[in-house]
1. I need the helices (runs of 4 or more DSSP H) fully contained in the stretch A:35-134, keeping only those with at least 3 residues that are closer than 30 Å to residue A:208 by Cα and free of Cβ contacts under 8 Å to residues at least 24 places away in the same chain.
2. Which members of the stretch B:184-230 meet the condition of being outside any strand (DSSP E or B), closer than 18 Å to residue B:100 by Cα and of a type in the set (Gly, Ala, Ser)?
3. Quick check on the stretch B:35-59: of everything there that is within 7 Å of chain A (Cβ to nearest Cβ) and within 8 Å of DNA strand D (Cβ to nearest atom), which residue is most open to solvent (accessible area, probe 1.4 Å)?
4. Considering only residues of the stretch B:7-34 that are at the interface with chain A (Cβ under 7 Å from one of its Cβ atoms) and assigned to a helix (DSSP H, G or I), which is farthest from residue A:44 (Cα to Cα)?
5. Somewhere in the stretch A:148-157, is a residue in contact with a strand residue (DSSP E or B) (Cβ under 9 Å, 6 or more places away or on another chain) and within 22 Å of residue A:229 (Cα to Cα)?
2 protein chains.
Amino acid sequence: MKAPATTSIQVIDRLVRLLDALGQQEAPLSLKIVAAETGLHPSTAHRILASLIQHQLVERSEGGLYRLGPHLLTLAARTQRPFDPRREALPVMEWLRSEIGETVNLTLREGDVLVYIERALSQKAMRVEQMIGSRAPLHVTAAGKLFLADEGAMACARYTQHHGLESYTANTITDPARLTACIEEARQRGYAFDDEEAEPGVGCIAVPIRDATGKMVAGLSVSAPIQRRSPAWLPRVIEAGAKLSARLGYQPKDG
Amino acid sequence: MKAPATTSIQVIDRLVRLLDALGQQEAPLSLKIVAAETGLHPSTAHRILASLIQHQLVERSEGGLYRLGPHLLTLAARTQRPFDPRREALPVMEWLRSEIGETVNLTLREGDVLVYIERALSQKAMRVEQMIGSRAPLHVTAAGKLFLADEGAMACARYTQHHGLESYTANTITDPARLTACIEEARQRGYAFDDEEAEPGVGCIAVPIRDATGKMVAGLSVSAPIQRRSPAWLPRVIEAGAKLSARLGYQPKDG
DNA sequence: ACAATACGTTTCACATTATGAAATACGCAA
DNA sequence: TTGCGTATTTCATAATGTGAAACGTATTGT
């Protein structure tokens, strides 16, 4: 269902690069910085940004700096109705955070990467903190593995071929057969782990959030320093995932 | 601060048109429909949509129909942090809805129009229902008038000149002087009305939501059939607006 | 006050790109 | 199998987006 790579339209590639660059920083950015971040000529960046401003996809702060604009909120509000994971998930995430004391993340899948779109942060000084909007390949994250598990071995092989199993740490799974086995295990259990595969010292447990059709539509995960990660959390993490899935009309199959 | 109209880039204009068309309907759309909605040649629409799919701004359903994609959620999650009106506002909106029994709306301003981005719907069979994502000119809406009031008479005159005061009903304000007076009144009161100006039979009361700098960043409004609209709601609407503003760090000035 | 510097904005020639008509492919119903 | 409607691909080319250069603006240093 993915469009072939030959369908690229240069301006669109570029504007997405610009939007992503603006989304990487919380503070508004100057033209010079944006151009450097995107590799575009300043006058080209200026032109595209002006058009994006016209459409409210970008706006400018008082100092003339660029940041993402309100039309994105409007469009997002029209995405995948009636499902809005952030709206439905936050209270449950906050509950889970208060139960276990660690950071809880909500993630979406975008093609070959996992994106963090919401979080409830641990109050501890040393905690794991994924910036909202940040991305990670599916194979190095617990929730990413669950997305692959949801699609099956064929899709997993396709991901491996298409995206590759790049190594991030000594623990990253880079062998396709190992990933397939890991995915299969995640599917049977209904949860998955990240054992310092994305970043040294970081451990993670994730469960799927499913909609009424049974499809996994988001990931709910708990990240912590690996020494603090505890299997005792599992019942609650699973419970939170089940709560959110139920809200989306998911009905577990018996057995 | 608005870019001049000469900075248009055709592909960007077109892709925004496509995204907006997809956002107008809850159900996914076929290529034929999208092309008709946007006035683009089918092959052109197909090409641009393919590029948008590549970037996850659009996705396709199982039947091959097009709908808005997850990257919009990601980008929206990175907009105007730490302020997210929908996240902060929904519980208060639901409280207000339960207090007065009418539909509560959350709106943002995009240039010359007001956009509805969230709502808590009245349970009554006959109610006012603005579709999420729908738009209305500032001058015919209560919250829109407040946005104009927030910027002052000069901005109001600029809006009048730039956008025009198109008539929607017999009640629509089409005289610039009347609008200015109306805006001034709204500013002094701190709330505004829509008296069947956008649509016959529909009445509205709105209050501003302000951030820590005192700037109006969103509108909170109650819409109802005009015969049901009651001034008795005002204390609670004002209270709800104040609650949300407080959450954003707004500090009312004394006097 | 003037010069230098850095960044932002506009102009414009033109190579490249997006476009849309036509051809082809696909799916479904009769 | 045929016909029809929609989707997808191909390709010639007019139009468009591009980026270098010129110009404008603001700030700092002498």
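1. The helices (runs of 4 or more DSSP H) meeting that bar are A:71-77, A:85-100.
2. Answer for the stretch B:184-230, where residues must be outside any strand (DSSP E or B), closer than 18 Å to residue B:100 by Cα and of a type in the set (Gly, Ala, Ser): just B:230.
3. Checked the stretch B:35-59; the qualifying residue most open to solvent (accessible area, probe 1.4 Å) is B:47.
4. Filtering the stretch B:7-34 for residues at the interface with chain A (Cβ under 7 Å from one of its Cβ atoms) gives B:7-9, B:11-12, B:15-16, B:19, B:23, B:26.
Within this subset, residues satisfying the condition of being assigned to a helix (DSSP H, G or I) are B:7, B:11-12, B:15-16, B:19, B:23.
Details: B:7: 11, B:11: 14, B:12: 14, B:15: 18, B:16: 19, B:19: 23, B:23: 29 Å.
Taking the candidates together, the pick is B:23.
5. No, the stretch A:148-157 contains no residue that is in contact with a strand residue (DSSP E or B) (Cβ under 9 Å, 6 or more places away or on another chain) and within 22 Å of residue A:229 (Cα to Cα).
The values are calculated or read from the model by the stated rules, or taken from the named source; none is laboratory data. In this text the structure is predicted, and so the values were computed from the model without any measurement. Ideal geometry is used to build each Cβ from the backbone, glycine not excepted, and the neighbour counts take in all protein chains shown. Heads up: the accessible areas ignore ligands, DNA and RNA and are worked out on the full protein's heavy atoms, side chains in. Shrake-Rupley method; radii C 1.70, N 1.55, O 1.52, S 1.80 Å.
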